[in-house]
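Right, one structure below, let's go through it.
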Amino acid sequence: MKPSPSLSHIFLLLIVTMCLLSPTGYTAESNSPSYVFCCEPGNDLFHLLAENTQGTFRRADTIEQALDIAPEGAGILLLADGYPEKTVSLTPAILKQVKSKSLRLYVEYPGDIPGVSILPPRETKWERAVVSSDFFGDKLEKLRILAIHGCRFVPAEAQNPSIVLARVAGFDTAVFGLPQEVYPVLFEMPAIPALVATTKLSHFITGRYAPKEDWRTIWKSILAWLQPGSTVTDLDWTPTVHPAHDKNTILPGDAEKQAFYRGVTWFLQSNLIVQNANGRRDGSRGICEGYSAGICQAGTQEMSRVIRGDCNGESAMALAFGGQIQRDSEKLGIARNILDHYLFESRARRGGRGDPNHSAYGLIAWGVGDTPWEIANYGDDNARLLLGTLAVAALSDSDRWDLPVMECLLANYRTTGKLGFRLNRIDMPDLDKNDWQHYFNGEPAIYAPHYQAYLWACLLWAYSQTGFEPFLQKTENAIRMTMEAYPDQWEWTDGLAQERARMLLPLAWLIRVQDTPQHREWLKQIAVDLLAFQDSSGAIREHLGKPGMGAYDPPQSNEEYGKDEATLLQENGDPVCDLLYTTNFAFLGLHEAASATGDSLYLEAENKLAEFLCRIQIRSEAHPELDGGWYRAFDFRRWEYWGSSADIGWGAWSIESGWTQGWIVAVLGLRQMGISYWDLTSNSKIENQFPRAKEVLLPSQ
């Protein structure tokens with residue numbers, strides 16, 4: 001005999017039946033806000049709200065069906081399923097029915113609106129979204145900047161829009177106001193209760209719109225407008241690309257080890273390692289520069305496919321650390337192949353650079369594959385290629401690349417002036433015209449550690465290996481002059497913080513070869529001034545130097561936004577750190593300073609920075625090519641990837657395979673091994689190549 005159904009079972013059956021009989025959607029409490037969506041089930045906004053039980057949410061496949069099933073006074077959301085290829089149609093009949101049923105309508109990406117002039121869709125380039133009214137209250141004030149990545153919109157005429165698109169400068173706020181040319185993004189219709197968005201605002205999760213909290217405010221405000229007087233449910237979601245850990249979460253004991261492993265794995269799953277003729281990514285064709293900052297509509301990012309020497313050396317270094325620590329011969333093999341390709345097979349050391357009678361002999365091209373890259377010789381970029389190569393040599397116990405490394409050291413030394421400074425960049429046409437003695441006998445004084453410091457570090461390391469006194473003499477003199485000029489005469493590139501971060505390494509290694517009280521004082525002075533901007537989270541805040549001394553100031557007008565290289569901050573105090581120019585090099589410099597001196601000041605700051613980097617490492621299941629990476633910008637107040645993305649090439653959401661990823665992974669690897677870079681490479685056999693290289697490059701020295 002079957003038991004009789006209880007009242008609770010009958011009630012549950014009734015609820016299920018009602019849900020099944022309702023239109024294609026989800027229904028909850030009838031006395032809550034009522035919304036009808038016209039969209040695909042996978043729409044970001046609908047999917048997010050359908051997971052919440054506060055409110056009545058129905059979905060229809062067509063606007064006609066949505067209008068038919070909408071109860072009196074409901075909110076209708078006509079969303080852009082065909083975005084970005086297809087716009088939404090809004091007819092007079094639709095507006096008439098909205099008005100007759102006292103409905104409120106939100107429509108996005110319309111191709112036509114009765115009574116409103118709308119042009120064909122176009123894409124943004126440097127325009128950002130800006131709040132332009134009081135629609136969102138005090139939680140989102142006028143002139144607040146928002147990111148709508150990969151935005152395609154329909155230009156429309158509108159009075160008093162709440163959000164506009166415009167080319168504006170600023171970190172959080174459009175500091176110079178709105179320019180004359182703006183494009184409405186969100187506005188109310190004047191004669192009917194309809195809210196119009198000229199792009200797909202409901203794409204905010206997939207499209208990775210930012211900042212997250214501001215988009216929560218936007219959608220709560222829109223939903224509240226659609227149902228006046230109702231309590232709108234709170235909205236929360238996990239971005240598809242997000243930091244590995246929250247700011248205050250207790251990290252697992254192996255957090256640093258896991259960050260290292262995931263950082264190494266990033267190189268293998270990033271798709272940046274170039275495929276060879278057999279379709280394998282084994283390093284034999286090198287590795288691309290990284291991911292550019294532009295985020296597409298699908299939340300993906302485009303590669304920068306340039307093959308750069310510095311990035312190849314630094315990426316090979318990171319992979320070699322992974323191979324050594326993880327006992328993985330494949331990673332070590334890829335690292336070796338990357339170096340072999342760049343140093344022996346590419347055009348980087350050909351032409352004048354491969355001719356012993358040419359003044360460029362021994363130098364290594366900035367990049368290969370395009371003339372602007374191949375004509376340039378940067379001392380700093382060569383230095384970081386050399387540092388990466390020396391680490392791979394040590395980790396794989398090989399002297400395979402010692403000769404090109406020694407030749408490059410001497411080639412950079414002989415194009416360095418008497419005072420120990422080298423011109424930031426010397427192009428091949430200049431070396432065709434001038435012999436190397438022209439530079440060797442020059443007397444430039446360039447107080448720019450961004451360009452000078454890592455070559456100084458290389459020459460100090462070379463002195464420790466060869467005992468060649470001029471390496472030390474020139475370098476110590478240049479460092480002395482630079483410290484005497486600090487800080488007012490320092491030329492800063494994107495900020496003074498990065499210049500200080502760059503100086504840590506040569507100052508730490510100067511102590512290795514000449515441990516004097518003054519050299520220790522110089523190191524501490526730079527470190528203390530840099531660490532004055534270290535946040536409690538471990539982040540090092542960006543800081544602008546003396547006005548007039550910067551190569552790349554923040555944009556000084558709206559028109560300057562995106563026209564040149566640029567800082568991530570608009571003004572001092574913006575809570576942003578830079579992992580392309582500052583944090584990465586500070587991490588290495590602090591590690592080497594702690595090892596060289598034993599001073600707890602450096603070790604404690606390094607440990608804080610390591611924890612911070614573990615927390616902000618990228619996690620993403622949706623975009624595995626980004627998982628394990630580190631973006632250039634991080635806002636440590638919001639705890640989100642955010643900054644003024646004004647840089648023409650490497651904005652807030654860029655990932656540099658070498659500068660950023662290579663050095664962060666390498667220092668985490670050094671920490672896993674319990675060793676400094678200096679000690680790791682101390683057993684190099686490079687001195688065996690010194691007499692041979694010197695005879696060709698410095699025959700009279």
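Each value in this text was obtained by applying a stated rule to the coordinates, not by laboratory testing. The model shown is predicted, which means the values in this text are computed figures rather than measured ones. A quick note on method: Cβ atoms are made from the backbone with ideal geometry, for glycine too, and the neighbour counts reach across all protein chains shown.
When the alpha carbon gyration tensor of the range 400-442 is reduced to an equivalent ellipsoid, its three semi-axes come out at 19, 13, 8 angstrom, largest first.
The range 621-667: which GluC sites (Glu not before Pro) are DSSP loop and have at most 13 other beta-carbon atoms within 10 angstrom? Loop-located and lightly packed - Glu621. Rounded to the nearest 10 degrees, the angle from helix 255-269 to the longest Cα principal axis of the chain is 90 degrees. Over the chain, DSSP H runs of length four or greater, each weighted -39,500 (n - 2.57), average out per residue to a 222 nm ellipticity of -11500 deg cm²/dmol. For the range 46-110, the fraction of alpha-carbon pairs lying more than 13 Å apart is 65 percent, rounded to a whole number. Ranked by how many other Cβ atoms sit within 10 Å of their own Cβ, fewest first, the residues Arg122, Arg422, Arg152 fall in the order Arg122, Arg152, Arg422.
Distances over 13 Å make up what percent of all Cα-Cα pairs in the range 582-622? The answer is 53 percent, as a whole percent. Here's how it looks for Leu103: its modeled amide H is under 5 Å from those of Gly73, which are all 5 or more places away or on a different chain.
Using the Stokes-Einstein relation with a Kirkwood hydrodynamic radius computed over Cα pairs, the translational diffusion coefficient of the range 456-535 at 20 °C and a viscosity of 1.002 mPa s comes to 164 µm²/s. Estimated translational diffusion coefficient (Stokes-Einstein, Kirkwood radius over Cα pairs, 20 °C, 1.002 mPa s) of the range 256-340: 162 µm² per second. Between 0 and 90 degrees, the angle of helix 329-340 with respect to the longest Cα principal axis of the chain falls at about 70 degrees.
Across the range 34-226, Cα-Cα pairs farther apart than 29 Å form 17% of the total. Once you order the gyration tensor axes a ≥ b ≥ c over the Cα atoms, which shape class does the range 113-173 get: rounded for a/c under 1.5, otherwise prolate or oblate by comparing a/b with b/c? In terms of gyration-tensor shape, oblate. Its alpha carbons give the range 391-470 an Rg and a Dmax of 13.9, 40 Å. Listed by chain and number, the lysines whose alpha-carbon sits under 30 Å from that of Lys418, ignoring those within fewer than 8 places in the same chain, are Lys433, Lys474, Lys524, Lys546, Lys685, Lys694. In straight-distance terms, cross-link reach from Lys563 covers every one of the aspartates and glutamates whose alpha-carbon lies under 16 Å from its own, apart from those fewer than eight places away in the same chain; here that gives Glu127, Asp494, Asp553, Asp647.
What number comes out for the charge environment of Lys125, summing +1 per Lys or Arg and -1 per Asp or Glu over other residues with Cβ under 12 Å away? It works out to a net charge of +3. Calculated on C-alpha atoms, the gyration radius of the range 544-586 divided by its Kirkwood radius gives an Rg/Rh of 0.96.
Evaluating kT/(6 pi eta Rh) at 4 °C and 1.567 mPa s, with the Kirkwood radius of the chain over Cα pairs in the Stokes-Einstein relation, gives 47 µm² s⁻¹. Annotation: the residues Arg59, Arg104, sorted from fewest to most other C-beta atoms within 10 Å of their own C-beta, follow the order Arg104, Arg59.
Start at zero, step by 5 Å, and the Cα-Cα distances of the range 162-259 spread as 2, 9, 14, 17, 18, 14, 10, 6, 5, 3, 1, 1, 0 percent across the bins. Only Cα sites of the range 418-553 enter the Debye sum here, all with the same form factor; the resulting log10 I(q)/I(0) across q = 0.10, 0.19 1/Å is -0.36, -1.13, listed in q order.
Calculated on the alpha-carbon coordinates, the convex hull of the range 613-697 measures out at 175 cubic angstrom per residue. Of the three principal axes defined by the Cα atoms of the range 494-633, the extents in descending order read 49, 43, 25 Å. Among Ser557, Ser644, a tally of other beta-carbon atoms within 10 Å of each Cβ gives an order, fewest to most, of Ser557, Ser644.
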